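First up is the structure itself, then whatever we jot down about it.
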Amino acid sequence: MRSVRARRAAMIGSAALLLIAPGAALAHAEPAAPAPATALPADLVAAIQRDLGISPEQYLDKAEAGQKLVEFANTLRGKFPESFAGAWLDPAGSPLIGLADGPDKAAARAAVEAAGYKVKDLPRSERALRDQLGHMNSWIEKLPAPLSGLISGAAIDTVNNDVVLRVQNTAEGQGLQLPDFLESARVVLAPALGSSAPPAAESPVAADARLGGDAYAAENADGAFRCSLGFNGTDGSGRTVNISAGHCDPNRDAAGTGAASIAFETHGAKFGDRFGTFAKSTVEGLDYSVIKIDDAATKRFENNFVRAPGANPVPITGTADPVVGAPVCKSGLTTGFSCGTINSVNQIVDVGTRTLKNGFTANICALQGDSGGAVVTGTRALGISSASNVGDMGYCELASVVTTLVGDSPQLYATPINAILAANPGLKVRTS
């Protein structure tokens, strides 16, 4: 056994850098050409320059490079499972493919180099790391409640080629003893993740249009939550919907019934008009909701835009998969646009009494009210904001200072949009 106290470590993946007019086309598989940098709204450009320190052109280039890398990595993983050890963008935005020793390593290296990518030799394959992660999760599931409550989740750190256990930065968490078979695991001491849901320039869209990032309130007899709209889309029957976070629904069990929670516009602290009801809400594994838009409000949601509330929007041109090192930006009612870099994928985290799976994290500040908002890479839909380790802090400047003092940084956990679409056949995001 060993003590967590001796294995204080940097945050996961720290080595890497990590809506169009009514009648718009609906797509998932084949995205349209990425929008040029000139199409990005000023608020998003400012967030990119402030948070990432790069130009809008560099942001779009890195986002596109990340998606090309994901496509190649998916192919390589299937052909060379014994040697494939992950793929990511380094701090300069250069794609890297990790390879471990195995019977197919030489062929894998040839395929990587033929595609124009660089190889990094690593000790463990992705398959080996997944096996180790499985053992770790089995151990966590068997822990008694007082101990399992100290663990916020576990994940594969692609860049550092190891498995990371996220433990709450408390005296109890620092004293947690790990079994010998987890000796090689790396421990991260960090604040617990919590829900980020809360207890007027000329625009190319109509003044009453509702876009991703805009505020809304969900109300039921059991209570009310204030969250951010995610991506506009359609369901399998062609009905207009918005995809947001599941935990924003105050009565998830009633979703899709006559007692479903109602979604309202908000104007500051005041409720506005009703615009829909929750057709589906879940926090089991994936955290998402599908809000069915009322007939009277349908036209207002028939667009493919995301914005900081009240500002000019960015058009969504397709969907994307997360890759370590890719640049991402989120929009929400509390903090508007803020950007960061993906530092972990396929994450499993505990948020209160729920366990979220297969999500990704990025070093982005998200506060209460940002939940449900859209996360983009380039101009593609990437995910839905779900949880944050600084959600209960008043503003991002304070969050940065506090997390820095404990050797951490603000972290946003998001649910991948493609995972949501895959779980709901026929559900689509509006794209240009």
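If packing is taken as the average number of other Cβ atoms within 10 Å across a peptide's residues, how do 138-147, 344-353 rank, most packed first?
The densest-packed peptide leads the list: 344-353, 138-147.
Does a label point 7 Å from the Cα of residue 119, set along Cα-to-beta-carbon, have any residues of the stretch 303-330 with amide nitrogen under 12 Å, and which are they?
none
Place +1 on the Cβ of every Lys and Arg and -1 on the Cβ of every Asp and Glu in the stretch 46-128, take the dipole about the Cα centre, and give the residue among 106, 117, 93 whose Cα lies farthest towards its positive end.
Checking the options against the dipole of the stretch 46-128, the answer is 106.
Amide H to amide H under 5 Å from residue 87: which residues, 5+ apart in sequence or cross-chain, H placed 1.01 Å off N in plane?
When sequence neighbours closer than 5 places are left aside, the close amide H contacts are 98.
Going by average Cβ density within 10 Å per residue, which order do the peptides 126-134, 379-387, 58-66 take, highest to lowest?
379-387, 58-66, 126-134
Hey, got the dipole for the stretch 72-149? About the Cα centre, +1 on K and R Cβ, -1 on D and E Cβ, debye to the nearest 20? Each step should come with its number before you reach the end.
Working: 10 positive and 9 negative charges, 13 e Å.
Dipole size: approximately 60 debye.
If you take the charge dipole of the stretch 214-303 about its Cα centre, with +1 on Lys and Arg Cβ and -1 on Asp and Glu Cβ, which of 271, 245, 282 is farthest toward its positive end?
Projecting each Cα onto the dipole axis, the largest value belongs to 271.
Give the peptides 256-263, 102-109 in descending order of average Cβ contacts within 10 Å, highest first.
256-263, 102-109
Considering the zone a paramagnetic label at residue 104 would reach in this model (a point 7 Å from Cα along the Cα-to-Cβ line), which residues of the stretch 38-80 have amide N under 16 Å from it?
72-80
Can you tell me, using C-alpha contacts under 8 Å and at least 6 residues apart, the relative contact order of the stretch 214-303 as a whole percent? Spell out each step's value before the answer.
Values: 214 pairs, mean separation 25.5, N = 90.
So the answer I get is 28 percent.
Apply the Karplus parameterisation 6.51 cos²θ - 1.76 cosθ + 1.60, with θ equal to phi minus 60°, to every residue of the stretch 266-274 and state each ³J(HN,Hα) to the nearest whole Hz, in sequence, with x for glycine and proline.
Once rounded to whole Hz, the list reads 10, 10, x, 8, 9, 6, x, 6, 5.
Tell me, what HN-Hα J-couplings in whole Hz come from the Karplus equation 6.51 cos²θ - 1.76 cosθ + 1.60 at θ = phi - 60° for each residue of the stretch 48-57, using x for Gly and Pro?
Here the 3J(HN,Hα) series is 4, 5, 6, 8, 9, x, 10, 7, x, 5 Hz.
Coordinate-derived values only; no laboratory data. Please read all numbers here as calculations on a predicted model, not as lab measurements. In this analysis, Cβ positions are derived from the backbone assuming ideal geometry, glycine residues included, and neighbour counts consider all displayed protein chains.
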